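Colleague: Provided herewith is a single structure, encoded as C-alpha cells, for subsequent inquiry.
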Amino acid sequence: MTASQRAGPPTSAWQISLAVRVTGLYKERDGFHTLNPNGDFADQAGTEAGAEKVFAFRGSIYGELNENWSMLTIFDYTSDNSDPTPSSLAASSTNPAITTDVDGDIFTIEPAAGVTCSAATPVNFQPIGCVTDFDSEVEAFGASIQLTGEYDNFTVSSITALRSLQDDLSSFISFPFFQQTEQDQFSQELLLSSNFDGPFNFTTGAFYYTESVNLDYLFVFPFENDVETESFSLFTQATFDVTDALTLTGGLRWTTEDREFEGNAGGPLAGFGSGITGEADTDNITWTAKVDYELTDDILFYASYSTGFKSPGFSPDCFSPVACFLPVNEEELDSIEAGLRTQFWDDRITLNATYFFNDYQDLQISGTLPTGGFTRINAGEARIQGVELEGRIEPIDGLVIYGNASFLDAEYRTLNFAQAGLLTGSTTTTPGLACGPVIPAGGTAAFEEAIIDCALGLDLKNAPEFKGLIGFNYDVALGNGEVFFGGDAAWEDDTFGLVANVPGTKQEPGLRLDARIGYRTDRWRVTLWGKNLTDREYFRANTFAGGSQNQVFAAPPLTFGVDVGFTFD
C-alpha cells in the first residue's frame, strides 16, 4: 500500500449532499363585477369581470459541497392571468358636481346617464361602461445561486440572481388603457461577515444591479418608454456590544447609479414627443446609527437614525411640449425611529410600541392628477410621523388574542407654485376643485400664494390617520390534528386616493370583519374562510376624469372560499 493510499482523501474533498424543496400555489376565483354596456355593445351585457387565476411554483436545491462550502439554488415562476379590476362611477358623492353611478352599485359597470356606447368611437376613446376588454397576462420568473463558505471566524457568500417579467394588460383608468412590459434584471452580491466571539462583529460587501425595461402603453395616445439602469454599491455595517445590555450599530453605504431614458409619444403628440432622451445619475452616501438597550430580560428599548434616497427618473407621459417625459428629481429621506419590544408571562404576552418620524425632500408621488392623467412628480418637502402599537396575549393554551393600531400624521411642508398646481389641478389662472371658489384673481402673486396654501392643506394620499385591528385564533386538538378557528375586526379612517383631495372622492373602508375555520395535521390543512362578512361596499383606489367623474376600483365584497394545502417528504 502506498503512502497516498494510507492517507485517504484530503479533508477538503468535495462531497456533495443534496436537499430538494418544492412549493406550488394555484388560486382561482370568479369575478365579482358585471359589465353592462348598452348601444352597439348591448349583446355583451352580463359579462363577468375581475376573475382571479394564479399559478406559482418555487423550487430550491441545497447542497453541502464539503465541510466549508454550501450552495443554494432557487428557481421561481409565476403565471397570473387575473383580470384587472374594472372601474365604476362612484355610487354616491357629497359633491353635486360629480357624476354618480346609474344604479348605485359599484360592482355593475355601465355607462353614465345619457351615454350610449358606439362602435364608431375609437377604442382608445371609449367612455366608462362601454369597455369590455379587461384582461391581463403576467409571466415572471427568477433564478439565483448562493454560495456560502465558512473560514475560521468569517462567512463569505456570493448571490447571483436573474429576474424577468412580461405583461400584457387591457384595462380602464380614466380612459381605456393598454400596456405591454418587458423587464429583465441581473444582480450580483458579495458578502463578508465576521463571527467573532468578542463584542465586535461586522458585515461588508458589494452589490451590482442592472435592469432593462421596455414599457409600451396606449392611454388616449400611444407612448413608449425605454429605460436602462446600472447601479453599484459598497456597504458595511458593524455592531459593538458595549455591555451585555447595550449594543451599538452603525452602517454606511455608497451607491452610484446611472439611468438612461428614451421616450416616444405617437399620434398627434409625435411632433414634439419623439426621441426624447435623458440621463439621471446619482452618487449617494447613506448611513444608519442604532442603539439597543435591554432594560430588563423582558424589555428592549431601541432608537435609530438613518438616511435614504429614491433614485431620480422621468415621468412616463407626454401630453404637451412643456410636460413631455419630464425629469423627476431624486427623493431624499431622513428617518428617526424609537420603540419598545416587550415579552412577559413566559412569552404569553407581547407588547410592542414604535414611534417613527420621516422627513422627505423632493417627495416622489405617482398618482392620478385631476385631469384624469397619471404621472410621476416631485411634491416638495413632506413629513410623515406616527405611532404603531401591537400586542399579543395567550390567556390559555390554544387561544391567542392579538391586535395592532397605528396613528399617522402626514403633511406637506414646502411646495412651490408648479408643484402646488399639479397637486391641486390648478392652472396659472384657475384654481382646482379642492381649493374652493374663494381665490384671488389668477395670474397674481396672491393667487399663487393661495394655491400653495391650498396644496399645503391637502392630505397625503392613502394616509389614514388611524388604522386598527383586533382578532383571535383558537386551536383545539382533535384526532391526529387540530381544529382551528378565528376572526378579525379591522377599522380604517377615511382617506383620499387622489393627490388632489377632490371633494366627494374620499375612500371609506370603515369596519370590516373576516373569519376562518379549518383542520390541520402534520401533512395537510383545509381552511374555510370568509372576508368582508358585513359586505361593506368601499373602494381602495380611484381616478378623477373629465372634471366630474370619480371613477372607483371596488374592494372585494363579501367573499368566501376554501384553501387546501399539503406537504410531503
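Colleague: Tell me which of these Gly504 doesn't satisfy, since it passes every other one: (1) open to solvent by 50 Å² or more (accessible area, probe 1.4 Å); (2) on the phi > 0 side of the Ramachandran plot.
Modeller: (1)
Colleague: Also, I was wondering about something else. Of the residues Ile384, Ile336, which single one is among the β-branched types (Val, Ile, Thr), over 26 Å from Ser174 (Cα atoms) and buried (at least 17 other Cβ atoms within 10 Å of the Cβ)? Before the answer, list the steps.
Modeller: Details: Ile336 fails: buried (at least 17 other Cβ atoms within 10 Å of the Cβ).
Answer to the selection: Ile384.
Colleague: Just to verify a result, which residue in region 227-247, among those that are among the aliphatic types (A, V, I, L, M) and closer than 20 Å to Ile285 by Cβ, is nearest to the chain's Cα centre (by Cα)?
Modeller: Taking the candidates together, the pick is Leu234.
Colleague: Now a separate question. May I ask you to list the residues in region 388-425 that are more than 24 Å from the chain's Cα centre (by Cα) and over 16 Å from Asn378 (Cα atoms)?
Modeller: Once the filter is applied, which keeps residues that are more than 24 Å from the chain's Cα centre (by Cα) and over 16 Å from Asn378 (Cα atoms), region 388-425 yields Gly391, Arg392, Ile393, Glu394, Pro395, Ile396, Asp397, Gly398, Leu399, Val400, Ile401, Tyr402.
Colleague: Looking at Leu215, Leu190, which one is open to solvent by 60 Å² or more (accessible area, probe 1.4 Å) and of a type in the set (A, V, I, L, M)?
Modeller: Leu190
Colleague: Okay, next question. Sort through Ala265, Ala270 and tell me the only one that's open to solvent by less than 50 Å² (accessible area, probe 1.4 Å), over 18 Å from Phe202 (Cα atoms) and touching a helix residue (DSSP H, G or I) at 6+ places or on another chain (Cβ under 6 Å). Quick ask: steps written out before the conclusion?
Modeller: Numbers: Ala270 fails: touching a helix residue (DSSP H, G or I) at 6+ places or on another chain (Cβ under 6 Å).
After ruling out the rest, the residue left standing is Ala265.
Colleague: Residues of region 274-326 being of a type in the set (Ser, Thr, Tyr), over 29 Å from Phe261 (Cα atoms) and either surrounded by 15 or more Cβ atoms within 10 Å (Cβ to Cβ) or at pLDDT 95 or above (or both), which ones?
Modeller: If the condition is that a residue be of a type in the set (Ser, Thr, Tyr), over 29 Å from Phe261 (Cα atoms) and either surrounded by 15 or more Cβ atoms within 10 Å (Cβ to Cβ) or at pLDDT 95 or above (or both), then Thr288, Tyr293, Tyr302, Ser304, Tyr305, Ser306 are the ones that fit.
Colleague: Of these, Ala45, Ala19, Ala112, Ala13, which one is of a type in the set (A, V, I, L, M), at pLDDT below 95, under 30 Å from Gly142 (Cβ atoms) and open to solvent by less than 70 Å² (accessible area, probe 1.4 Å)?
Modeller: Details: Ala45 fails: under 30 Å from Gly142 (Cβ atoms); Ala112 fails: under 30 Å from Gly142 (Cβ atoms); Ala13 fails: under 30 Å from Gly142 (Cβ atoms).
None of the others qualify; the one that does is Ala19.
Colleague: Which condition breaks for Asn225 when tested against (1) open to solvent by 50 Å² or more (accessible area, probe 1.4 Å); (2) modelled with pLDDT of 95 or more?
Modeller: Asn225 satisfies all of (1) open to solvent by 50 Å² or more (accessible area, probe 1.4 Å); (2) modelled with pLDDT of 95 or more except (1).
Colleague: Can I ask one more? Just one of Leu478, Leu533 is open to solvent by 60 Å² or more (accessible area, probe 1.4 Å) and at pLDDT 95 or above; which is it?
Modeller: Selected residue: Leu533, the only one of Leu478, Leu533 that is open to solvent by 60 Å² or more (accessible area, probe 1.4 Å) and at pLDDT 95 or above.
Colleague: If you check every pair at least six apart or on different chains, which have Cβ atoms under 6 Å apart with a residue in region 265-276 that is under 11 Å from Phe325 (Cβ atoms) first and a residue that is open to solvent by less than 50 Å² (accessible area, probe 1.4 Å) and assigned to a helix (DSSP H, G or I) second?
Modeller: Ala265/Gly273
Colleague: Another question, then. Does Arg512 satisfy the criteria of being among the basic types (Lys, Arg) and surrounded by fewer than 18 Cβ atoms within 10 Å (Cβ to Cβ)? Explain how you work it out, then say what you get.
Modeller: Values: among the basic types (Lys, Arg): yes; surrounded by fewer than 18 Cβ atoms within 10 Å (Cβ to Cβ): no.
When the stated conditions are applied, Arg512 does not pass them.
Colleague: For the subset of region 419-472 comprising residues that are of a type in the set (S, T, N, Q) and within 21 Å of Ser366 (Cβ to Cβ), which member is most open to solvent (accessible area, probe 1.4 Å)?
Modeller: Asn462
Colleague: Considering Glu139, Glu150, which residue is within 30 Å of Ser70 (Cα to Cα) and of a type outside the set (A, V, I, L, M, F, W, C)?
Modeller: Only one candidate passes the filter, namely Glu150.
Colleague: From the set of residues in region 486-500 that are at pLDDT 95 or above and part of a strand (DSSP E or B), which is most open to solvent (accessible area, probe 1.4 Å)?
Modeller: Going through the qualifying residues, I end up with Trp491.
Colleague: Looking only at region 28-40, which residues are touching a Gly at 6+ places or on another chain (Cβ under 9 Å) and either closer than 15 Å to Phe134 by Cβ or assigned to a strand (DSSP E or B) (or both)?
Modeller: Hits for region 28-40 are Arg29, Asp30, Gly31, Phe32, His33, Thr34, Leu35, Asn36, Pro37.
Colleague: Only residues that are open to solvent by less than 80 Å² (accessible area, probe 1.4 Å) and either in a strand (DSSP E or B) or aliphatic (A, V, I, L, M) (or both): list them for region 58-72, please. So that I can check it myself, show each step before the final result.
Modeller: Step one: filter region 58-72 for residues open to solvent by less than 80 Å² (accessible area, probe 1.4 Å), giving 59-61, 63, 65-66, 68-72.
Matches in region 58-72: Gly59, Ser60, Ile61, Gly63, Leu65, Trp69, Ser70, Met71, Leu72.
The values are calculated or read from the model by the stated rules, or taken from the named source; none is laboratory data. From a predicted model like this one, the values you see are computed outputs, not experimental measurements. Quick reminder, even Gly has a Cβ in these numbers, built from the backbone with ideal geometry, and neighbours come from all protein chains shown. Keep in mind that these areas ignore ligands, DNA and RNA; they rest on the heavy atoms of the full protein, side chains included. Shrake-Rupley method; radii C 1.70, N 1.55, O 1.52, S 1.80 Å.
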